[in-house]
């Protein structure tokens, strides 16, 4: 899988990282499909060029992120510049906000039954951060760091919630706070959202909520194996 372009983004690109921060990399490869490679605290999102440009042109939040803050490590053919110039910001990120909100509500509703606390906390932090990034983009000031998001929304509590992404324990007091944040910054809960895991996966799939579908699939084995369901 030859790498045609490699950039760093996230806290290490912003230079506000700590010793424990992840190293987030984005690569353009000559492969025909996307692949995520994770090794310890380093992850590389690998994209074929055509797919990367297509997502950038569609205003994808991830490609907004890398277009605005990534720093080039290796790019002999100036490929990343083509991706950066292809990015077109959307006027509305309501779909992203709704999808992240719905996944967040589903996780909170059944947090006591979920055995994988690391995944629970990581996904909740992802949902909240996605909502806030999307809101900041709609305001015309796209922001990606937790500190920057807390400043924009004048809400320092957001820093603590987003920081729970690497916590491996059950944090009972945090989940009502996440719920309140989803209500404040996201969309309201859908009372018609199914509670059964298999139905929830279909629900997310029909709405093209890929993170929701992936998360429900991962947790369904975890919860059902322990004898729980979502009702």
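The values are calculated or read from the model by the stated rules, or taken from the named source; none is laboratory data. Given the structure is predicted, the values throughout are model-derived calculations rather than measurements. Quick reminder, even Gly has a Cβ in these numbers, built from the backbone with ideal geometry, and neighbours come from all protein chains shown.
At-a-glance table
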read-out: Identity of the residue in the range 1-28, out of contact with any helix residue (DSSP H, G or I) (no Cβ under 9 Å at 6 or more places or on another chain) and in a loop (DSSP other than H, G, I, E, B), that ends up surrounded by the fewest Cβ atoms within 10 Å (Cβ to Cβ); value: 19
read-out: Residue 161 buried (at least 18 other Cβ atoms within 10 Å of the Cβ) and under 18 Å from the mean Cα position of the chain (by Cα); value: yes
read-out: Boolean, residue 31 is under 30 Å from residue 167 (Cα atoms) and in a loop (DSSP other than H, G, I, E, B); value: no
read-out: Candidates 163, 136, filtered to the one that is over 13 Å from residue 104 (Cα atoms) and either in contact (Cβ under 8 Å) with a residue 24 or more places away in the chain or in a loop (DSSP other than H, G, I, E, B) (or both); value: 163
read-out: Subset of the range 208-230 that is in a loop (DSSP other than H, G, I, E, B) and at pLDDT 60 or above - its residue that is farthest from residue 117 (Cα to Cα); value: 208
